[in-house]
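For reference, the structure is listed below as structure tokens.
The values are calculated or read from the model by the stated rules, or taken from the named source; none is laboratory data. Source: prediction; values computed, not measured. Every residue, glycine as well, gets a Cβ built from its backbone with ideal geometry; the counts of neighbours run over all protein chains shown. Heavy atoms of the whole protein, side chains included, go into the accessibility calculation; ligands, DNA and RNA do not. Shrake-Rupley method; radii C 1.70, N 1.55, O 1.52, S 1.80 Å.
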Amino acid sequence: MILGIETSCDETAAAIVNEKMNIESSIIFSQVDLHRRYGGVVPEIASRNHLEKINIVIDEAFNKSGLKWSSINGVAVTYGPGLIGALMVGISAAKSIALAKNIDLIGVNHLEGHFFAPLLVGLKPKFPFLALVVSGGHTSLIKVNEISEYEVVGQTLDDAAGEALDKIAKFLNLGYPGGPIIEKLAREGDEQAIDFPQGLRFSGDFNFSFSGLKTALIYFIRDNPEWQREFSMNDLCASFQKAIIDILVEKTFSAAEKLNLKEIILAGGVTANLGLRKTFEERARSSNLKIFIPPVELCTDNAAMIAGAGFLKWKKGFKKDLYLEATPSKDFKN
Ligand code: KG4
Ligand code: ZN
């Protein structure tokens, strides 16, 4: 049994996963209401609230599962990437537990947590596979050769896809977080209404860029003050969302083809988007590739994915000592 702890951004979460990779309990305290008025995550507010909630979510993970501390073999914690103060709260808790209970400490990269999430619901992708992690902080294509053997194939050079959705929702005064709000509005809109650019479409590599797309929307409104005579907010959201989905699909499938990978895992908060899921599934069907997408509740940040990845690493002998440090960088550590 592995206890997982996640505090890299604005969710304080603890979960317990068993040796069959089944979730015994998964508790998430979302701080989204605290950050909403700022239109984004305020790091200092995040750290302080992690500190207030961390022991509560851990206790609740035990209460909900009915398990005792004596059945826990290790504690897995996100060491990065993320907000440094926020990460330090989870790491301090995990180190204290490892020391006090004399159990193993496992360091998990947040992205690694995301791309192993489908294994928590019985999906069994075969190595090597391609993972697209697309969230508020990340847009990365990673070739997963084995547990702890990863190659970054491409990544965003500026904003993450979720970050672009959040920033545009803030610009349009729609609320926070932007992804689900834009998705809801997009459902009633015409995605062909406005032709937005797709960054780095013809760059010949697998990197992404979303800042030009953001600027294009802002200029579109500036240059067409009466745009709402012709288009609705739903059309604007649908067209903006489509530009994001299309480039994600395009780059992911061309990377899979170039690297000769037959299986793709989608992960991260933006993959909660039903339009994105549908587009990827359709493309996978027509190109004979297998696609794995975790259920929506395992797409956004949670500690079950950290416990799950922690369990896989623990089985392979990847353990950490009490010198494990938090890092904002995307680098993978064993
Ligand atoms: O994985 P996550 O919970 O946190 C990070 O690791 O960043 O992802 C949060 C991001 C936010 O940018 C949010 O707007 C986006 O995921 N998101 C969505 C949806 N639900 C959350 N984006 C598009 N459609 C959604 N339904
Ligand atoms: Zn995440």
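Things worth noting here:
- Applying a threshold of 9 Å to beta carbon distances and a minimum spacing of six or more residues, or different chains, the list of pairs starting in segment 202-225 at a residue that is over 14 Å from ASP158 (Cα atoms) and open to solvent by 30 Å² or more (accessible area, probe 1.4 Å) and ending at one that is of a type in the set (Ser, Thr, Tyr) and at pLDDT 95 or above reads SER203/SER209.
- Of ARG48, ARG36, all but one fail to be at negative phi, without any contact (Cβ under 8 Å) to a residue 12 or more places away in the chain and not β-branched (Val, Ile, Thr); the exception is ARG48.
- Answer residue from segment 84-118, given it is open to solvent by 30 Å² or more (accessible area, probe 1.4 Å) and in contact (Cβ under 8 Å) with a residue 60 or more places away in the chain and is nearest to the chain's Cα centre (by Cα) among those: ILE84
- Residue selected from segment 323-334 under the condition open to solvent by less than 80 Å² (accessible area, probe 1.4 Å) and modelled with pLDDT of 90 or more, by the criterion nearest to SER96 (Cα to Cα): LEU324
- Within segment 19-64, considering residues that are of a type outside the set (D, E, K, R), farther than 30 Å from LYS167 by Cβ and assigned to a helix (DSSP H, G or I), the one farthest from the chain's Cα centre (by Cα): ASN63
- Look at segment 164-190: where a residue is aromatic (Phe, Trp, Tyr) and a partner is open to solvent by less than 90 Å² (accessible area, probe 1.4 Å) and within 8 Å of ligand 1 (Cβ to nearest atom), sitting 6+ places away or on another chain with Cβ atoms under 7 Å, you get TYR176/ASP166; TYR176/ALA169.
- Where LEU213 falls short, out of the listed (1) in contact with a helix residue (DSSP H, G or I) (Cβ under 8 Å, 6 or more places away or on another chain); (2) more than 13 Å from ligand 1 (Cβ to nearest atom); (3) under 20 Å from THR300 (Cα atoms); (4) not in a strand (DSSP E or B): (3)
- Considering only residues in segment 236-275 that are part of a loop (DSSP other than H, G, I, E, B) and more than 16 Å from ligand 1 (Cβ to nearest atom), the one that is least open to solvent (accessible area, probe 1.4 Å) turns out to be LEU261.
- Residue in segment 307-322 that is within 18 Å of GLY137 (Cα to Cα), within 16 Å of ligand 2 (Cβ to nearest atom) and modelled with pLDDT of 95 or more present: no
- Residues (touching a Cys at 6+ places or on another chain (Cβ under 9 Å) and open to solvent by 20 Å² or more (accessible area, probe 1.4 Å)) located in segment 167-180: LEU172, LEU174
- Residue match in segment 286-295 (condition: open to solvent by 30 Å² or more (accessible area, probe 1.4 Å), part of a helix (DSSP H, G or I), near ligand 1 (Cβ under 8 Å from one of its atoms) and at negative phi): no
- Considering segment 131-166, and only residues there that are open to solvent by 30 Å² or more (accessible area, probe 1.4 Å), within 12 Å of ligand 1 (Cβ to nearest atom) and not small (Gly, Ala, Ser), the residue that is farthest from GLU250 (Cα to Cα) turns out to be ASP166.
Quick grid of which residues meet (1) open to solvent by 50 Å² or more (accessible area, probe 1.4 Å); (2) within 16 Å of ligand 1 (Cβ to nearest atom); (3) out of contact with any helix residue (DSSP H, G or I) (no Cβ under 9 Å at 6 or more places or on another chain); (4) touching a residue at least 12 places away in the same chain (Cβ under 8 Å):
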{"residue": "THR12", "(1), (2), (3), (4)": "no, yes, no, yes"}
{"residue": "SER26", "(1), (2), (3), (4)": "no, yes, no, yes"}
{"residue": "PHE29", "(1), (2), (3), (4)": "yes, yes, no, yes"}
{"residue": "GLY40", "(1), (2), (3), (4)": "no, yes, no, yes"}
{"residue": "PRO43", "(1), (2), (3), (4)": "yes, yes, no, yes"}
{"residue": "ILE58", "(1), (2), (3), (4)": "no, no, no, yes"}
{"residue": "TRP69", "(1), (2), (3), (4)": "yes, no, no, yes"}
{"residue": "ALA76", "(1), (2), (3), (4)": "no, no, no, yes"}
{"residue": "TYR79", "(1), (2), (3), (4)": "no, yes, no, yes"}
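- Residue among GLY189, GLY175 that alone is at positive phi and assigned to a loop (DSSP other than H, G, I, E, B): GLY175
- Of the residues making up segment 118-134, at least one is under 22 Å from ALA86 (Cα atoms) and within 16 Å of ligand 2 (Cβ to nearest atom).
- Flag for LYS126 being touching a helix residue (DSSP H, G or I) at 6+ places or on another chain (Cβ under 7 Å), at negative phi and basic (Lys, Arg): no
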